[in-house]
Amino acid sequence: MSLDFDHDAALEACARGEQFALQAIYERESRWLLSVAMRIVRNRELAHDVLQEAFVQIWQRAGTFQRSLGSGRGWIYTIVRHRALDEARRAERETPVGDELTELIDSTASHTDTAPDLDDASLQYCLSQLDDDKRQCVVDAYLEGYTHEQIAQRRNRPVGTIKSWVRRGLLALKECLT
């Protein structure tokens, strides 16, 4: 790999509408950019989509690149990384939270001789054993149908905290129901 490629100049050429510059960036960096996207979205087809969308963004936003703020190569990688992170977050939001409970029940049933007893009394008892935060998050997610993001907004907590509370609540329910 030759080290004489000028990413900054290529971006400036893209800003002037010179398509060959975008093609040169693609030919030089696409393999590594695809790897960046793959590490984040963990799906090859989705990573290709991310890369395509990122190159559209690079083309459209090349005029905003400023040499004084950083390297052109870093700017390109940042666009791909942010595009991949946005896609990963979008995919996570679209995954129904209720699927976790179904997976929990299925895994509990597959690891015991019989399915867990899920009558209302047992479930109510096990829910009552959870601390208030975990119980309310599990109820909001599985009975009310809220997403992690909606619960976080309602409870004024970070999404990561909500996800932890839901996961811990599910694990405690699994333990109680088996």
I'd like to know if segment 10-19 contains one or more residues that are among the acidic types (Asp, Glu), over 30 Å from residue 146 (Cβ atoms) and either surrounded by 14 or more Cβ atoms within 10 Å (Cβ to Cβ) or out of contact with any Pro (no Cβ under 8 Å at 6 or more places or on another chain) (or both). yes
Scan segment 35-46 for residues that are at negative phi and surrounded by fewer than 16 Cβ atoms within 10 Å (Cβ to Cβ) and jot them down. 35, 39, 43, 44, 45
Can we say residue 53 is loosely packed, with under 13 Cβ neighbours inside 10 Å and in a helix (DSSP H, G or I)? no
Among the residues of segment 6-50, count how many are under 20 Å from residue 86 (Cα atoms), among the polar types (S, T, N, Q) and assigned to a helix (DSSP H, G or I). 2
Name the single residue, out of those in segment 6-41 being among the aromatic types (Phe, Trp, Tyr) and within 15 Å of residue 79 (Cα to Cα), that is modelled with the lowest pLDDT. 32
Quick one: which helices (runs of 4 or more DSSP H) lie wholly within segment 124-178 and hold at least 2 residues that are over 24 Å from residue 90 (Cα atoms)? 132-142, 159-177
In this structure, does residue 44 turn out to be modelled with pLDDT under 85 and in the same structural domain as residue 11 (by TED's automatic domain parsing)? no
Output the number of the condition that residue 3 fails; it satisfies all remaining conditions of (1) part of a loop (DSSP other than H, G, I, E, B); (2) modelled with pLDDT of 95 or more; (3) hydrophobic (A, V, I, L, M, F, W, C). (2)
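The values are calculated or read from the model by the stated rules, or taken from the named source; none is laboratory data. Just so it is clear, the structure is predicted and the values come from calculations on it, not from any experiment. No Cβ is skipped: glycine too gets one built from the backbone with ideal geometry, and neighbour counts run over all protein chains shown.
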